[in-house]
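Here the structure is laid out as structure tokens; the discussion comes afterwards.
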Amino acid sequence: MKQFLLICSLVFSTFLLAEQSKGVNEMSPKVLLGLIEKDVDDLYILDIREPDQVGHGEIFHLNLVKITRGYLEFKVEKEIADKKARIVIYCCTGKRGQLAAKTLQEMGYTNVYSLENGIRGWVESGFPLDTVYGEVVLKETLKK
């Protein structure tokens, strides 16, 4: 019975997330890297991870804004006043990023994207993270 309830709650949670994130545009890590390399003026990268997750590294950009998901509605307008700015949001896996993007759309931001699969997707694409040790690229280890 407990397993049945757990499965039902997981299915419901997945359905709820899908419903809440409808209409949210996703951006691939490759497209984001291209925008960063082109030094697009109106680009903001919004990191909504918790403080204990940020220590693993971040996507470097001069317009990097860090606001945890819990404070997003309270702080974002002060940090990103231009409602037409291009904003790419990332979390660890992309799920909270989609919800945050939906929230920003509801607040009147018009050019909002969630990074596809979050920072995990960025790392799996082989793109660099800015860390306390400098820029790091994580490579897959070969299985023997």
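The values are calculated or read from the model by the stated rules, or taken from the named source; none is laboratory data. Source: prediction; values computed, not measured. For neighbour counting, all protein chains shown are included, and Cβ atoms are generated from backbone atoms with ideal geometry for every residue, glycine included.
So which residues in region 81-122 are buried (at least 24 other Cβ atoms within 10 Å of the Cβ), assigned to a helix (DSSP H, G or I) and of a type in the set (Val, Ile, Thr), if there are any at all?
Once the filter is applied, which keeps residues that are buried (at least 24 other Cβ atoms within 10 Å of the Cβ), assigned to a helix (DSSP H, G or I) and of a type in the set (Val, Ile, Thr), region 81-122 yields only 119.
One line per residue, one yes/no per condition, for (1) of a type in the set (Lys, Arg); (2) under 9 Å from the mean Cα position of the chain (by Cα); (3) within 21 Å of residue 74 (Cβ to Cβ):
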residue: 96; (1), (2), (3): yes, yes, yes
residue: 103; (1), (2), (3): no, no, yes
residue: 108; (1), (2), (3): no, no, yes
residue: 116; (1), (2), (3): no, yes, no
residue: 125; (1), (2), (3): no, no, no
residue: 130; (1), (2), (3): no, no, no
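Name the residues in region 66-117 that are more than 19 Å from residue 28 (Cα to Cα) and in contact with a Pro (Cβ under 8 Å, 6 or more places away or on another chain), would you?
Within region 66-117, 68 is the sole residue that qualifies.
Which condition breaks for residue 78 when tested against (1) touching a residue at least 12 places away in the same chain (Cβ under 8 Å); (2) over 19 Å from residue 122 (Cα atoms); (3) in a helix (DSSP H, G or I)?
Tallying (1) touching a residue at least 12 places away in the same chain (Cβ under 8 Å); (2) over 19 Å from residue 122 (Cα atoms); (3) in a helix (DSSP H, G or I), residue 78 fails exactly one: (1).
Inspect region 60-72 for any residue being of a type in the set (D, E, K, R), loosely packed, with under 14 Cβ neighbours inside 10 Å, closer than 29 Å to residue 136 by Cβ and at pLDDT 95 or above and give the result as yes or no.
No, region 60-72 contains no residue that is of a type in the set (D, E, K, R), loosely packed, with under 14 Cβ neighbours inside 10 Å, closer than 29 Å to residue 136 by Cβ and at pLDDT 95 or above.
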